[in-house]
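> One structure, pasted below without further comment.
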Amino acid sequence: MVFYFTSAGVSPPYTIYMGKDKYENEDLIKYGWPEDIWFHVDKLSSAHVYLRLPKGNTIDDIPKEVLIDCAQLVKNNSIQGCKMNNINVVYTPWSNLKKTGDMDVGQIGFHRQKEVKIVSVEKKINEIINRLEKTKEERNPDLAAEKESRDREERNEKKAQIQDQKKKEKEEMKKKKEMEELRNYSSLMKCDKMTTNEVKTLSPQFTLYYYGTIRI
C-alpha cells in the first residue's frame, strides 16, 4: 500500500507519496524515479516521504510551499518527531540513496553527503496536515511496471533526439559539401576566363575564331 498526497499550494500541483511500512519502503527505494526527492526526519525514525518533481527540475527548484508540506508530512509520520519541536528533516535526490546488503529493512545511506539538504521544522502545523490528509489516496501500484514504463519513455525520447541530431548533422554536411563544390566551380571558372582575339587553326579544313572577351 502506498499513500499519495497532493501539494496544491502551487500550480501545477505536486505529488507526494510514502509507504505504509518499512517493507514497502524497500520497494520505494528500489523503484524510485530520478525525478524523486526523498525526505526523512534526521536521526529519528519516520516515514520515507517522496516528492515527485516535474521532469527537468532539480532539488533546488522545489517551491518553498511544497518543501514545507513535505517536511510537515514527514514530521507528522514520525512517532518521536511528531511530539517534538525544532527537529530537522533531511532530503536528497532518490539517486543519492545508498542501499547495501548488510542494511536492515528500510535502512539507507547516502552516496554523497554533500547532496543532502536540511530543513528545520519548529512545530507541527495542523492546518497543513489537515489539508494534505484531505487529498490522501491509498493505492497498490505496480512500482516495477511504472518504473519500466518511465524508463522506456526516456529511452525512446533519447533515441528520437539522437536520430534528430544525426539528421541535422547529415543536412549540415550536405550543405557544406554543396558550398565547397560551388566554391571550387567558381574558382575553376575564374582560371578559365578567355580574353584573346587570336585565330587558331585546327586543321586545313577548319578555322575557329574567338571575338572579344567571354566571361561566365
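> Can you pull the one-decimal nm distance between simple spin-label points at Leu182 and Asn156, each 7 Å off the Cα toward Cβ?
Output for this residue pair reads 4.0 nm.
> Restricting to DSSP H runs of at least four residues, report the calculated mean residue ellipticity at 222 nm for the chain, -39500 (n - 2.57) per run over all residues, nearest 500 deg cm²/dmol. Write out the running numbers ahead of the final one.
Values: 4 runs with 79 residues, N = 216.
Calculated from helices alone, the mean residue ellipticity at 222 nm is -12500 deg cm²/dmol.
> Could I ask something else about it? For segment 2-141, take the convex hull of the Cα atoms, compute a quarter of its surface area, and give me that in nm², please.
Numbers: hull surface 32.3 nm².
Taking the Cα atoms of segment 2-141, their convex hull projects to 8.1 nm² on average.
> Let me have the relative contact order for segment 2-141, percent, based on Cα pairs under 8 Å that are six or more residues apart. Write down the numbers at each step before the final one.
Numbers: 258 pairs, mean separation 40.7, N = 140.
That works out to 29 percent.
> Placing unit charges on C-beta atoms (Lys and Arg positive, Asp and Glu negative, everything else neutral), compute the dipole magnitude of the chain about its Cα centre in debye, rounded to 20.
Values: 39 positive and 35 negative charges, 167 e Å.
So the dipole magnitude of the chain works out to roughly 800 debye.
> Another one. Which of Leu143, Leu67, Leu73 comes first, and how do the rest follow, when ranked by fewest Cβ neighbours within 10 Å?
Values: Leu143 17, Leu67 20, Leu73 25.
Lowest to highest Cβ neighbour count: Leu143, Leu67, Leu73.
> Can I ask one more? Going through the cross-link list Lys22/Lys43; Lys75/Lys147; Lys64/Lys99; Lys64/Lys123, which pairs have a Cα-Cα distance over 19 Å in this structure?
Details: Lys22/Lys43 16 Å; Lys75/Lys147 28 Å; Lys64/Lys99 29 Å; Lys64/Lys123 17 Å.
Listed pairs above 19 Å: Lys75/Lys147; Lys64/Lys99.
> Further question on the same structure: Straight-line reach from Lys124: which aspartates and glutamates have a Cα under 20 Å away, not including same-chain ones fewer than 8 places off?
Candidates past the 8-residue exclusion: Asp42, Glu65, Asp69, Glu133.
> Residues of segment 1-19 with backbone nitrogen within less than 14 Å of a virtual label 7 Å along the Cα-to-Cβ line of Lys64, please, listed as ranges.
10
> Using DSSP H assignments, which helices in the chain have an axial alpha-carbon span of 24 Å or above and a mean Kyte-Doolittle hydropathy of 0.0 or higher? Please report the intermediate quantities before stating the final value.
Working: long enough: 143-191 (72 Å, -2.08).
Helices meeting the span and hydropathy rule in the chain: none at all.
A short reminder: the numbers here are calculations on the coordinates, not readings from a lab. Please read all numbers here as calculations on a predicted model, not as lab measurements. Every residue, glycine among them, receives a Cβ derived from its backbone with ideal geometry; neighbour counts consider all protein chains shown.
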